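Below: one structure, written as structure tokens.
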């Protein structure tokens, strides 16, 4: 009698995990799969520089054994199907509510989008990180209408300070949504099970799955002590 295949995990939404999370994933799944850093290109004249670090740099023995798989590309321009799904996230009031609550309270999501300890370029101004983040937490952003077209329109030089904040919030929405849409795409294409140790991203992905009628396989590892 054939034994059922052990499930294979796709870690999301980040391209790296804490070593303790990786250990727990390896105890539960046959293989653990990682994307590369997501460097989106919103317009032909703009883009994000990709980080070259990968999990395999710290765990070459897991790469050699085949238990850690990496190199899934999620960079470059958004394909039409991905862009359409991102717009549906941005226009979903419940998804937006979950995102804004996480932006206000979840340091892990904050650090994945900004570096609050450093100054941020907002429009043509350099703003201290804590002050910029506090402004982006304003509830007016939660109810402000956003779509990809609007964010792309703001992706330019010579923005005012207020336009700069609108762009940063919109870009944070797009990056978060795109990372989750790519999660579903990779999981479906490669028959992987999405797993995260970020409760905020778990809730956002669950909402997208419910709305889009995607498969609702979605695992959360709760971090304790690390």
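The values are calculated or read from the model by the stated rules, or taken from the named source; none is laboratory data. None of the values given here were measured: they were computed from a predicted structure. Quick reminder, even Gly has a Cβ in these numbers, built from the backbone with ideal geometry, and neighbours come from all protein chains shown.
Some points to look at:
- Hits in region 128-144 (condition: touching a residue at least 12 places away in the same chain (Cβ under 8 Å) and not in a helix (DSSP H, G or I)): 137, 144
- Which listed residue is part of a strand (DSSP E or B), surrounded by 14 or more Cβ atoms within 10 Å (Cβ to Cβ) and at pLDDT 95 or above, from 151, 195, 174, 181: 195
- The residues on offer are 68, 22, and the sole one that is farther than 18 Å from residue 171 by Cβ and in contact with a strand residue (DSSP E or B) (Cβ under 6 Å, 6 or more places away or on another chain) is 68.
- Filtered by the rule that a residue be modelled with pLDDT of 90 or more, more than 21 Å from the chain's Cα centre (by Cα) and either more than 23 Å from residue 220 (Cβ to Cβ) or in a loop (DSSP other than H, G, I, E, B) (or both), region 1-45 gives 7, 29, 30.
- Among the residues making up region 104-120, those that are out of contact with any strand residue (DSSP E or B) (no Cβ under 7 Å at 6 or more places or on another chain), farther than 26 Å from residue 79 by Cβ and in contact (Cβ under 8 Å) with a residue 40 or more places away in the chain are 106, 108.
- Just one of the listed residues (85, 64) is at pLDDT 95 or above and either at positive phi or surrounded by fewer than 19 Cβ atoms within 10 Å (Cβ to Cβ) (or both), and it is 64.
- Candidate set from region 98-120 (those that are farther than 30 Å from residue 84 by Cβ and exposed (fewer than 12 other Cβ atoms within 10 Å of the Cβ)); member that is modelled with the highest pLDDT: 107
- Wholly within region 46-127, strands (runs of 3 or more DSSP E) carrying at least 1 residues that are not assigned by TED's automatic domain parsing to the domain that holds residue 143: 68-72
- Flag if residue 224 is within 16 Å of residue 9 (Cα to Cα) and either outside any helix (DSSP H, G or I) or outside the structural domain of residue 105 (by TED's automatic domain parsing) (or both): no
- Flag if residue 140 is under 25 Å from residue 82 (Cα atoms) and surrounded by fewer than 15 Cβ atoms within 10 Å (Cβ to Cβ): no
- Enumeration of residues in region 177-203 that are touching a strand residue (DSSP E or B) at 6+ places or on another chain (Cβ under 6 Å) and under 14 Å from residue 7 (Cα atoms): 187, 192, 193, 194, 195
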